[in-house]
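Trainee: Have a look at this one.
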Amino acid sequence: MAKNALFEIRRCLEAHVGQKILLRANGGRRKTIERTGVLEETYPSVFVVSLDQEQQNAKRVSYSYADILTESVEVTVCADNGELKIEYIRS
């Protein structure tokens, strides 16, 4: 069952490659890290986000699909007109 859930998460993300997304990640000790960037690539085990450079020091970050499954990362896809289209990608 977990493999099917991970496959569905990957398939959902593949549909949004090249679009702007908002990431909310668990930073530990009650910290939440919010980052914006462009979904650059999906791989069999991870996805890569190219971050907006004026906000962060790192240029690219990667997360596993299991991070979304365990809800330690939330992904929100931004709409074309600049408004947030709330679409949490979870199984």
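The values are calculated or read from the model by the stated rules, or taken from the named source; none is laboratory data. Since this is a predicted model, take the numbers as computed values, not measurements. Cβ placement follows ideal geometry from the backbone for every residue including glycine, while neighbour counts extend to all protein chains displayed.
Trainee: Which members of segment 1-32 meet the condition of being of a type in the set (Gly, Ala, Ser) and free of Cβ contacts under 8 Å to residues at least 24 places away in the same chain?
Mentor: ALA15, GLY18, GLY27, GLY28
Every residue, every condition in (1) modelled with pLDDT of 90 or more; (2) of a type outside the set (D, E, K, R); (3) over 15 Å from VAL73 (Cα atoms); (4) over 15 Å from the mean Cα position of the chain (by Cα), yes or no:
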site: LYS3; (1), (2), (3), (4): no, no, yes, yes
site: GLN19; (1), (2), (3), (4): yes, yes, yes, no
site: LEU23; (1), (2), (3), (4): yes, yes, no, no
site: GLY37; (1), (2), (3), (4): yes, yes, no, no
site: PRO44; (1), (2), (3), (4): yes, yes, yes, no
site: VAL49; (1), (2), (3), (4): yes, yes, no, no
site: GLU54; (1), (2), (3), (4): no, no, yes, yes
site: VAL61; (1), (2), (3), (4): yes, yes, no, no
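Trainee: Can you work out which of the residues in segment 63-91 that are within 14 Å of VAL17 (Cα to Cα) and surrounded by 17 or more Cβ atoms within 10 Å (Cβ to Cβ) is modelled with the lowest pLDDT?
Mentor: The extreme case among them is ILE89.
Trainee: Return the residue satisfying two criteria in turn: it lies in segment 1-52 and is touching a helix residue (DSSP H, G or I) at 6+ places or on another chain (Cβ under 8 Å) and part of a strand (DSSP E or B), and of such residues it is farthest from ALA66 (Cα to Cα).
Mentor: LEU39
Trainee: Scan segment 68-91 and report the pairs whose first residue is farther than 17 Å from GLY37 by Cβ and whose second residue is part of a loop (DSSP other than H, G, I, E, B) and modelled with pLDDT under 75, with Cβ atoms within less than 8 Å and a gap of 6+ or a chain change.
Mentor: LEU69/ARG90; LEU69/SER91; GLU71/ARG90
Trainee: Please enumerate the residues belonging to segment 25-54 that are farther than 24 Å from ALA5 by Cβ, of a type in the set (S, T, N, Q) and loosely packed, with under 11 Cβ neighbours inside 10 Å.
Mentor: GLN53, the sole residue that qualifies.
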